[in-house]
Amino acid sequence: KTHSQTFCTATERGKAGAHTSRQVIEDMMWSDPDPYERGTAAKTLRGAGCRYGPDVVVKWLQSLGSPSLKTLIRSHECVENGYDVIDCGEGYKCWTVFSSSNYIGGWNQGAILVFDGPEGDPSAITYETSFEGHASSADKTNTKREKLLGLLAKYKPFLEREFAKKADDNGKVTTKEWEDTIYVELGLSLEYRLFAGDDERLKEDFDQGRVDYKLFLDYCQGKEGNAHRHSQALQAIFGLLDENGDGVVTYEEFTKGCELLNHRLPHEQQFKARELFLLLDKDNSGVVELQELNDVLSSESYARRVF
């Protein structure tokens, strides 16, 4: 039964061999809904799972045998407003709810869904926490924009290939094509206007509803900076792996985190886990503390060696 209820089977993803219990767990944990997809698609930056469309949601809910089951609620995906809903048609809906606000130092709201009864849509309660005091809306927007620019820069080669498929003879895509590509390929729901005012040339194209994708990606790379281009990514590893919050990561945990990031980074930018760990573990304790990471990032000589 579990096999039949898996969104994306090994056969559908073109993988040989039996559909193991590990594969079922990966599909359940890492698969994400995509309102623009029909069926399933294996292309995912998570490195596991798949993308599935509204038609898959409807088919799966119907397969459970109860006409009253019209709603799928799932999580494990950071969404900006804390929740999201996809209208799948025929009264079926797919809700995403994410309860951790300001996830890994970024900016997003957390949310919970409240049902008043067995039927009807839930109401969403959103909230936001901050470890840095009450920042202004402008500060939050700027922080969010800077983090997103750094993230997009890391996937520059990948995004260049995808944008090139849609670009006109002048190397430009429409703002909608830009937004759709970012959503489909990276799973990020972004509006281009968030970045359009950063550069006069970008703003001029935006006023005409266009995006010079090469200019934009070069701009992202320039904003990212060379010495600290992986600093946010490394801190994200700690946020993900330091499960008990004690500020300590073992070598095994650190290696797994590097492998996760290396999955989509170009070869020349990939992390060398052992070398990085030895540099970060300044007191040779066999574990890396968050303070050790901060000390390294604040030292230009160390930063040049690490990054």
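Of the GluC sites (Glu not before Pro) in the stretch 146-223, the ones in a loop by DSSP (not H, G, I, E or B) with at most 15 other beta carbons within 10 Å are GLU191.
Spatial offset of the stretch 53-120 relative to the stretch 174-201 amounts to 24 Å, using the alpha carbon center of each. Heavy-atom accessible area for TYR103, with the other protein chains in place and a 1.4 Å probe, reaches approximately 90 Å². The value of relative contact order for the stretch 162-226, using C-alpha pairs under 8 Å at least six residues apart, is 33 percent. So, R0 is 41 Å and r is the distance between the beta-carbons of GLU119 and LEU215; what FRET efficiency does that work out to, to 0.05? FRET efficiency, GLU119 to LEU215: 0.20.
Estimated from the Cβ-Cβ distance and a Förster radius of 51 angstrom, the FRET efficiency linking SER285 and GLU204 is about 0.45. Listed cross-link partners LYS147/LYS256; LYS172/LYS203; LYS214/LYS272; LYS156/LYS176 are compared with a 21 Å cut-off, the Cα-Cα value being larger for LYS147/LYS256; LYS214/LYS272. Would you check the accessible area of TYR127, probe 1.4 Å, heavy atoms only, in square angstrom rounded to 10? Approximately 80 Å² of TYR127 is accessible to the 1.4 Å probe. The simple spin-label model puts a point 7 Å past each Cα toward its Cβ; for SER66 and LEU188 those points are separated by 3.9 nm. In the assembled protein chains, THR126 presents an accessible area of approximately 60 Å² (probe radius 1.4 Å). Ordered from largest to smallest accessible area (heavy atoms of protein chains, 1.4 Å probe), the residues ASP84, ASP199 come out as ASP84, ASP199.
Sorting HIS76, HIS267 on solvent-accessible area from highest to lowest, probe radius 1.4 Å, gives HIS267, HIS76.
The values are calculated or read from the model by the stated rules, or taken from the named source; none is laboratory data. Bear in mind that the values here come from a model prediction, so they are computed numbers and not experimental data. All Cβ positions, glycine included, derive from the backbone under ideal geometry; neighbour counts span all protein chains shown. Surface accessibility is based on the protein's heavy atoms, side chains included, excluding ligands, DNA and RNA. Shrake-Rupley method; radii C 1.70, N 1.55, O 1.52, S 1.80 Å.
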